[in-house]
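Visitor: Below you'll find the structure I mean.
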Amino acid sequence: YSPNQYTFAGIGAMKFMAIGNDSEAYTAGYLFAESSIEVVWIRGFYSISSNTFAGTKALKEVFIGAGHGTELSANSFANLETDVNFYFYTYTYEELVEEVGDDEWFTNADEKAHFYFKDTIPADVVWPDEIKDSLK
């Protein structure tokens, strides 16, 4: 499942949303614009497009699993409205840069984007049950 631009725009208060499957998905720009979703789990991804998380009103955490042939746009994490923790739980920073080929997504990210990788995720992060169950 790969949602189109603005697919989840304007969704009211929601604690958790999972998208993608366990292999490959792509996201589109402004996917969650004006939504009140707090936690997003992208179970597997192929591509995260520019401004995917731009315009969200309540987003706090995004858990991102690995995909195949991963691509990140130079502005995947641009124009954030809130401070957001991004947890790449299947990659170290070095592995992700090796997979993607560059780190423009990191250097161009909004200052409100906070990145964590499988070797830097704080021990006190509260993992949604859906994610914990899938990692067993």
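Visitor: Say each of Asp103 and Glu34 gets a label point 7 Å from the Cα, pointing the same way as Cα to Cβ; how far apart are those two points in nm?
Guide: 3.7 nm
Visitor: A further question follows. Once amide H atoms are built 1.01 Å from N in the peptide plane, which residues 5 or more positions from Thr52, or in another chain, come under 5 Å H to H?
Guide: Tyr30, Ala78
Visitor: Could you work out the relative contact order of segment 84-126, using alpha carbon pairs under 8 angstrom and six or more residues apart, expressed as a whole percent?
Guide: Relative contact order here is 65 percent.
Visitor: Which net charge results when you count Lys and Arg as +1 and Asp and Glu as -1 among the other residues whose beta-carbon is under 11 Å from that of Ser76?
Guide: Its environment carries a net charge of -3.
Visitor: Restricting to Cα pairs below 8 Å that are 6+ residues apart, what does the relative contact order work out to for segment 38-136? Please round to a whole percent.
Guide: 27 percent
Visitor: For Phe115, which sequence-distant residues (separation of 5 or more, or a different chain) have an amide H within less than 5 Å of its own amide H, given hydrogens modelled in the peptide plane?
Guide: Sorted by chain and number, the residues that satisfy this are Phe86.
Visitor: Further, regarding this structure: For segment 97-136, what % of the accessible area comes from carbon and sulfur atoms, probe 1.4 Å?
Guide: The value for segment 97-136 is 45 percent carbon and sulfur by accessible area.
Visitor: What number comes out for accessible area per residue over segment 67-136 if the probe is 1.4 Å? Units Å², please.
Guide: 57 Å²
Visitor: Can you list residues whose amide H is under 5 Å from Ile37's amide H, if they're 5+ apart or on another chain and H is modeled 1.01 Å from N?
Guide: Sorted by chain and number, the residues that satisfy this are Met14, Lys57, Ala58.
Visitor: Still on this structure: Per residue of segment 47-54, in order, report the coupling 6.51 cos²θ - 1.76 cosθ + 1.60 (Karplus, θ = phi - 60°) as ³J(HN,Hα) in whole Hz, putting x for Gly and Pro.
Guide: My calculation for segment 47-54 gives 8, 10, 7, 4, 6, 3, 9, 5 Hz in order.
Visitor: Out of every Cα pair in segment 81-136, what percent are spaced more than 12 Å from each other?
Guide: 71 percent
Visitor: Please identify every one of the GluC sites (Glu not before Pro) in segment 58-121 that sits in a loop by DSSP and has no more than 11 other beta carbons within 10 Å of its own beta carbon.
Guide: The qualifying sites are Glu111.
The values are calculated or read from the model by the stated rules, or taken from the named source; none is laboratory data. Everything numeric in this text was worked out from a predicted model, so none of it was measured. Ideal geometry is used to build each Cβ from the backbone, glycine not excepted, and the neighbour counts take in all protein chains shown. All accessible areas refer to the heavy atoms of the entire protein, side chains included, with ligands and DNA or RNA removed. Shrake-Rupley method; radii C 1.70, N 1.55, O 1.52, S 1.80 Å.
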